[in-house]
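Take a look at the structure set out below.
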Amino acid sequence: MKNEIKIFSPATVANLACGFDVLGCCLDNIGDEMIIRKTDKKGIHITKIEGFDLPFEAELNVAGVSALAMYEATKPDCGFEIEIYKNIKPGSGIGSSAASAVGSVFGMNVLLGNPYNKTELTQFAIKGEALASKCEHADNLAPAIFGGFTLVKSISPLEILEIPSPEDLYATIIHPQIEIKTSESRAMLPKEVPLQDAITQWSNLGSLIHGLHTSDYNLIKKSLHDVIVEPHRSKLIPHYNEVKKAVLQNGALGAGISGSGPSIFALSKGLENAKNVKEAMSKVYSETEIKFEIHVSKINTEGIKIL
Ligand code: HSE
């Protein structure tokens with residue numbers, strides 16, 4: 001059995017407008033790389049972090065906390081070293097903490113001979129994600145582990161549904177280079193919602209899921225609306241309304257806040273539309289002082305993988 005593996009842990013888009021805390025999808029060309037190594041020395045040791053300034057102490061590091069959860073449950077006769085090559089900026093809204101949280105447990109699981117299934121891995125990773133967002137949710141973790149679109153049916157007990165990805169669906173994501181902490185962006189949300197808004201939201205989520213199952217792009221387009229979270233969080237994102245208007249005028253099916261922001265996602269049918277959406281996003285932000293990155297990605301149906 002191998003003693004070391006290198007993995008790619010992908011970025012993800014959570015919420016997808018109407019699916020706050022339950023729906024997410026996996027991206028294919030942006031993610032972190034991690035090396036996980038089995039050692040004689042017991043315990044979890046983070047030995048290298050490149051890309052961003054993050055804590056080396058396992059108990060203070062998202063990848064370390066999920067690794068410790070699995071380690072304590074498994075009690076293996078070895079330890080693990082973790083190297084993190086972080087490409088996803090923390091606080092970007094595209095699942096930076098989730099990529100770290102799933103990377104360590106996925107790698108350890110492979111090195112231990114795969115004792116855990118994907119849902120069990122997600123369960124361990126929730127502990128790491130909770131360190132970053134101060135709350136247990138799995139809508140970035142599940143798509144990173146399962147790939148494609150996932151719906152978190154329940155957190156306790158954890159139940160994850162895999163939703164089909166229409167063949168021609170692409171995501172375009174603009175990441176303004178400002179940081180929004182998930183914990184802060186969660187704290188500003190109302191504790192209660194008006195019944196009429198809840199009705200609109202669950203109608204949209206139900207029809208989005210149906211649209212994904214039937215590859216009905218028009219239904220996907222009609223469903224990508226968020227009447228509950230977006231009105232609050234969009235205030236944190238500079239030029240949000242301009243970006244949204246521009247992408248809808250340039251071929252996007254719909255758009256919204258990616259996770260807790262500041263990234264903004266759009267879904268499009270076909271690569272050409274997704275690239276036009278990239279141009280439209282770029283045009284809006286080029287006229288500002290704010291630096292940004294844009295990713296165009298097919299939906300990644302594979303999820304986290306060994307390199
Ligand atoms: N569902 C989460 C949120 C995703 O929007 O707060 C970000 O971690």
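So here's what we get for this one:
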item	result
Close pairs (8 angstrom Cβ cut-off, 6 or more residues apart or separate chains): closer than 25 Å to Lys221 by Cβ in region 191-203, exposed (fewer than 13 other Cβ atoms within 10 Å of the Cβ) anywhere	none
Set Lys118, Lys134: member being over 12 Å from the mean Cα position of the chain (by Cα), among the basic types (Lys, Arg) and within 16 Å of the ligand (Cβ to nearest atom)	Lys134
Given (1) in a strand (DSSP E or B); (2) of a type outside the set (Asp, Glu); (3) within 16 Å of the ligand (Cβ to nearest atom), number of the condition Phe20 does not satisfy	(1)
Some residue of region 193-211 being part of a helix (DSSP H, G or I), touching a helix residue (DSSP H, G or I) at 6+ places or on another chain (Cβ under 6 Å), polar (S, T, N, Q) and surrounded by 14 or more Cβ atoms within 10 Å (Cβ to Cβ)	yes
Matching helices (runs of 4 or more DSSP H) fully within region 221-307 where at least 3 residues are touching a residue at least 40 places away in the same chain (Cβ under 8 Å) and under 28 Å from Cys135 (Cβ atoms)	230-233
Boolean, Gly113 is without any contact (Cβ under 8 Å) to a residue 40 or more places away in the chain, more than 16 Å from the ligand (Cβ to nearest atom) and either more than 17 Å from Thr182 (Cα to Cα) or among the hydrophobic types (A, V, I, L, M, F, W, C) (or both)	no
Contacts under 6 angstrom Cβ, first residue in region 167-187 being over 23 Å from Asp53 (Cα atoms) and modelled with pLDDT of 90 or more, partner in a loop (DSSP other than H, G, I, E, B) and within 16 Å of the ligand (Cβ to nearest atom), 6 or more apart	Ile173/Ser258; Ile173/Ser263
Whichever residue in region 1-16 is within 11 Å of the ligand (Cβ to nearest atom) and over 8 Å from the mean Cα position of the chain (by Cα) and, among such residues, is surrounded by the fewest Cβ atoms within 10 Å (Cβ to Cβ)	Asn15
Qualifying positions in region 137-151 - within 14 Å of Asp21 (Cβ to Cβ) and assigned to a strand (DSSP E or B)	Thr150, Leu151
Positions within region 210-224 being more than 18 Å from Ser263 (Cβ to Cβ) and not β-branched (Val, Ile, Thr), in sequence order	His210, Gly211, Leu212, His213, Ser215, Asp216, Tyr217, Asn218, Leu219, Lys221, Lys222, Ser223
Qualifying positions in region 104-122 - surrounded by fewer than 18 Cβ atoms within 10 Å (Cβ to Cβ), of a type outside the set (A, V, I, L, M) and not in a helix (DSSP H, G or I)	Gly113, Asn114, Pro115, Asn117
Exclusive hit being among the small types (Gly, Ala, Ser), within 16 Å of the ligand (Cβ to nearest atom), outside any helix (DSSP H, G or I) and in contact (Cβ under 8 Å) with a residue 24 or more places away in the chain, set Ser92, Ser154, Ser97, Ser66	Ser92
Filtered residues of region 123-136 (kept if in a loop (DSSP other than H, G, I, E, B) and surrounded by 24 or more Cβ atoms within 10 Å (Cβ to Cβ))	none
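The values are calculated or read from the model by the stated rules, or taken from the named source; none is laboratory data. In this text, all values refer to a predicted model and were calculated from it rather than measured experimentally. For neighbour counting, all protein chains shown are included, and Cβ atoms are generated from backbone atoms with ideal geometry for every residue, glycine included.
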